[in-house]
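Asks: Take a look at the following structure, please.
The values are calculated or read from the model by the stated rules, or taken from the named source; none is laboratory data. Predicted model only: the values in this text are computed from it and were never measured. So basically every Cβ, Gly included, is an ideal-geometry build from the backbone, and we count neighbours across all protein chains shown. With ligands, DNA and RNA removed, areas are computed over all heavy atoms of the protein, side chains included. Shrake-Rupley method; radii C 1.70, N 1.55, O 1.52, S 1.80 Å.
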Amino acid sequence: MSELLACAVDEVAKGAALRVELAGVDIAIVHADDDNFYAIHDECSHAAVPLSDGEVDGCTLECWLHGSRFDLRTGEPTGLPATEPVPVYPVEIRDGSVYVSLTSSNGVTR
Ligand code: FES
């Protein structure tokens, strides 16, 4: 699938996450502490709450409900109680905008 415009770069402060919907898919756009932008499916693999409401910590996004952290590069949880990865999507920055491709880069589907 081709890339979709998600948001402007300056809509997401460093250390924050923004929930967007792209083609019916809820995505958390994260401006991580390493200055890169990441796109991760906005649903925890443990109990399906929005990850965009959680805290950004380094290159992870922490689920606010039970505290599992998901690596924004791989979608893998780095700690319990979640055990399943979440889809992550390729991001491209062009002309001050964040574009996301909805083909997951870690092979995980929703
Ligand atoms: S709902 Fe996310 S860790 Fe439980």
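Asks: Scan the stretch 35-50 for residues that are out of contact with any Cys (no Cβ under 6 Å at 6 or more places or on another chain) and either more than 12 Å from the ligand (Cβ to nearest atom) or within 24 Å of Ser101 (Cβ to Cβ) (or both) and jot them down.
Replies: Scanning the stretch 35-50 gives Asp35, Asn36, Phe37, Tyr38, Ala39, Ile40, His41, Asp42, Glu43, Ser45, Ala48, Pro50.
Asks: If a residue must be farther than 16 Å from Tyr38 by Cα and of a type in the set (A, V, I, L, M), how many such residues does the stretch 51-102 contain?
Replies: Residues flagged as farther than 16 Å from Tyr38 by Cα and of a type in the set (A, V, I, L, M) within the stretch 51-102 amount to 3.
Asks: Of all residues in the stretch 62-82, how many are open to solvent by 10 Å² or more (accessible area, probe 1.4 Å), modelled with pLDDT of 95 or more and either part of a strand (DSSP E or B) or near the ligand (Cβ under 10 Å from one of its atoms) (or both)?
Replies: Within the stretch 62-82, residues that are open to solvent by 10 Å² or more (accessible area, probe 1.4 Å), modelled with pLDDT of 95 or more and either part of a strand (DSSP E or B) or near the ligand (Cβ under 10 Å from one of its atoms) (or both) number 10.
Asks: Just name the residue that is least open to solvent (accessible area, probe 1.4 Å) out of those in the stretch 51-61 that are more than 9 Å from the ligand (Cβ to nearest atom) and under 16 Å from Glu84 (Cα atoms).
Replies: If we take residues in the stretch 51-61 being more than 9 Å from the ligand (Cβ to nearest atom) and under 16 Å from Glu84 (Cα atoms), then Leu61 is least open to solvent (accessible area, probe 1.4 Å).
Asks: Within the stretch 83-98, count every residue that is closer than 12 Å to Glu43 by Cα and not in a loop (DSSP other than H, G, I, E, B).
Replies: Looking only at that region, the number is 1.
Asks: So, one more: Does Val30 fit the bill of being open to solvent by less than 30 Å² (accessible area, probe 1.4 Å), in contact with a helix residue (DSSP H, G or I) (Cβ under 9 Å, 6 or more places away or on another chain), outside any loop (DSSP other than H, G, I, E, B) and away from the ligand (no atom under 13 Å from the Cβ)?
Replies: Against the criterion (open to solvent by less than 30 Å² (accessible area, probe 1.4 Å), in contact with a helix residue (DSSP H, G or I) (Cβ under 9 Å, 6 or more places away or on another chain), outside any loop (DSSP other than H, G, I, E, B) and away from the ligand (no atom under 13 Å from the Cβ)), Val30 qualifies.
Asks: Of everything in the stretch 17-27, what is touching a helix residue (DSSP H, G or I) at 6+ places or on another chain (Cβ under 7 Å) and surrounded by fewer than 22 Cβ atoms within 10 Å (Cβ to Cβ)? Give them in sequence order.
Replies: Listed by number, the residues that qualify are Leu18, Arg19.
Asks: A follow-up question, please. Name the residues in the stretch 60-83 that are within 19 Å of Arg19 (Cβ to Cβ) and either polar (S, T, N, Q) or in contact with a Lys or Arg (Cβ under 6 Å, 6 or more places away or on another chain) (or both), would you?
Replies: Thr60, Glu62, Ser68 - these are the residues of the stretch 60-83 that are within 19 Å of Arg19 (Cβ to Cβ) and either polar (S, T, N, Q) or in contact with a Lys or Arg (Cβ under 6 Å, 6 or more places away or on another chain) (or both).
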